[in-house]
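Nothing in this text is a laboratory measurement; each read-out follows from the coordinates by a stated rule. If you're wondering where the values come from, they're calculated on a predicted model, not measured in any experiment. No Cβ is skipped: glycine too gets one built from the backbone with ideal geometry, and neighbour counts run over all protein chains shown.
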Amino acid sequence: MATTPNAAAPTDFSGNSRSLLRRWSADDIAHFVTFLSAATLLVITSLLVYQLWVLSAEARAKFGWTFFVTKTWDPVAGDFGALPFIYGTIVTSLVSLVIAVPLGVGAAIFLAELAPPRLSSSLTFVSDLLAAVPSVIYGLLGVFLLVPVMRTTVQPALKAVLGFLPLFQGPSYGIGFLTAGIVLAIMVVPFVLSVSREVLLAVPRDQREAALALGATKWESTWKVVVPAARIGIFGSVFLALARALGETMAVTMVIGNNPRVAASLFSPGYSIAAVLANEFSEATGNLYLSALIELGLVLFLLTFVLNGLARLLILVTTARGSGVLPT
Amino acid sequence: MSARLAWRKSLNVVMLSLTGLCALLTVSALFFILGYLVWNGGKDLSWNFFTKLPAPVGEVGGGMANAILGSLKLLFLAALFGVPIGLLGGVYLAEFGGRTVPFLVRYTADLMNGVPSIVMGIFAYALVVMPMHHFSTLAGGIALGVMVIPTVLRNTESFLRDVPRAMREGSFALGANKWRMIATVVLPAASRGILTGVLLALARVAGETAPLLFTAFGNRYWSPGWMQPTSSLPVIIYTYATGPYEDWHRQAWAAGLVLLGLVLITNILVRAFLTRGAAYERT
């Protein structure tokens, strides 16, 4: 290991170093310094987990598991329940996936299977730029463009057509779960697209050719052969997008309505974990209040940590298997 | 038979056109966003915007000079904390590393990359704001710096790995020891790629709002030194967009245009001029 002084090292070029350092070769020092930097990341991660755990102790002790099933969020009375936030986070993320997954996978199929390489790479470039747009910009467009359109056009239209479903009932405020889900969808499409495209490209060429040789149309070869072969990686991209959507803060905060409610209607205003942190953290008075907010942060952290881990694993499995047999 | 064939052929055309439509929709979102911001924010951009402090609440006019400077200071701190650690950590993974530690670091880096930015805000809050009992530029810089580390680390590692083995061996053959080989041969060879990673990571955190809300907070005036709360472009866009005043909304659009412009220009320049071949860029 780098930390053990290598007294017997014949390559002691560090002539200008003194006393203690003399026993270390320059390589040992370089090894040690870079090791420290890499270890810093591990330290930061552990510290983050430790902080979240310790600082949420008060809320965890007071509310226990009921924290997750309690609907009230009353900072004045000191009564905190996470249910409305967890509900809002999950509902908005699911809405975003319902929109983003077909769109992203469809676009990925086009880029991987149909588009000529030049077009494909320039469209991927644009999609990467889309992923770089700051979240607050999406929020800005959401507040001033999407919310009025939702209120005057989209929500009444949905109510007229699908109003028999409890999902599409109630007054149209413009803000709410549905609007937040749509903004999130636009934000996560680039992630679904770029990862799906990559795993589709990793499917060996022979498979496509074999399907075509059997008389399949281009679409049949894509849908029945290529997509199933890449499905685990596509699931991976969906998990990745889900993790993004769960933790997305600004855009959601600006359009979800910031009202801790559990409502069946997607038109209803709601709240999400990230949004309540953004709104209330800096003005939380009292230790219990802060501790409850940090427990929400802990929940969010664990959720995304697990989802990301799962996503990486799935993507790794498909691309490794695919590229192993990829003709050069 | 022929009816079935006709059905299959038309399904083929319909579905393939649909995928094309999906791609078109996705890509056009960027142009729409950009166009809409230029349309709404362009007319309110003026010299005052870049040089004046915000006007008192309710008064028309003023600018965002303090937010622009604040964002630059935060980015400077983020680079100061994040880049050296990420860079050296990447060198460790690519050049030294054994088996378990690099695996652990790599996996942690990928996971930290996906941790919501608001949680990083809590980290900096607990680390800096709580002991100091007040918001500060320093806290915001640390929150952003922590977000820079994983990206820079993974990028550096992957570009270092792309440096051909022959170059390392050549360097050894000339009698260099390992750190000299890394410092004078491998790092320079990978420098373009590493720079790309650093700039993209900084462009990404430049637009982050959530981790700044309760670390750098906000400030209607200049923020002297590093220990005072400071305004920043993303936070002021959020504050102004959700505020009640018409004039604030117009300024939010202008600030949004400036922020988006900076982020996109950095991305385009970096990707167009610095990357050769396939750049490693994963979220």
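Across chain A, counting alpha-carbon atoms alone, Rg and Dmax equal 25.5, 83 Å. Note on A:103-112: average number of Cβ atoms from other chains within 10 Å of each residue's Cβ is 6. Summarising the overall dimensions of region B:172-252 from its C-alpha atoms, the Rg and Dmax are 21.4, 69 angstrom. Per-residue Karplus couplings for region A:105-119, computed as 6.51 cos²θ - 1.76 cosθ + 1.60 with θ equal to phi - 60°, are listed in order as 5, x, 5, 5, 4, 4, 5, 7, 9, 9, 5, x, x, 5, 4 Hz, Gly and Pro entered as x. Computed extension length for A:PHE32-A:LEU145: 35.3 nm, one decimal, from 0.36 nm per residue of separation with the Cα-Cα distance subtracted. Footprinting exposure proxy ranking of A:THR92, B:THR137, fewest other C-beta atoms within 10 angstrom first, gives B:THR137, A:THR92. Our analysis of region B:1-142 gives Rg over Rh at 1.20, with the two radii drawn from alpha carbon positions and Rh computed by the Kirkwood formula. Over all projection directions, the Cα-based convex hull of chain B averages an area of 22.8 nm². Three semi-axes describe the equivalent ellipsoid of region A:211-328; taken as square roots of 5 times the Cα gyration tensor eigenvalues and ordered largest first, they are 42, 18, 9 Å. Each peptide in A:150-160, A:187-197 receives the mean, over its residues, of other Cβ atoms within 10 Å, and ordering these scores from highest gives A:187-197, A:150-160. Amide H to amide H, with H built 1.01 Å from N, B:GLY218 comes under 5 Å of B:THR230, counting only residues 5 or more places away or on other chains.
Pairs of alpha carbons in region A:79-179 separated by more than 22 Å make up 50% of all such pairs. Over all other residues within a Cβ to Cβ distance under 15 Å of A:LYS62, the charged ones net out to -3, with Lys and Arg as +1 and Asp and Glu as -1.
Taking B:PRO84, B:PRO150, B:PRO56 in turn, the Gaussian network model of chain B (Cα-Cα springs below 10 Å) assigns the largest fluctuation to B:PRO56. Rg ratio for region B:12-96: its Cα radius of gyration over 2.2 N^0.38 Å, N being its residue count, equals 1.88. Per the Debye formula on identical point scatterers at the alpha carbon atoms of the protein assembly as shown, with no solvent, log10 I(q)/I(0) at q = 0.07, 0.10 Å⁻¹ is -0.47, -0.95. Using the Cβ of B:PHE172 as centre and a radius below 14 Å, the other residues enclosed give a net charge of +1, where K and R count +1 and D and E count -1. Using only the alpha carbon atoms of region A:139-184, find the Kirkwood hydrodynamic radius as the inverse mean reciprocal pair distance, in angstroms to one decimal. Computed over region A:139-184, the radius equals 10.6 Å. Kirkwood analysis of the Cα pair distances in region B:69-232 returns a hydrodynamic radius of 16.8 Å. Summarising the amide proton neighbourhood of A:ASP79: residues at separation of 5 or more, or on other chains, whose placed amide H is nearer than 5 Å comprise A:ASP74. A cut-off under 12 angstrom between Cβ atoms defines the neighbours of B:GLY97, and their net charge, with Lys, Arg +1 and Asp, Glu -1, is +1.
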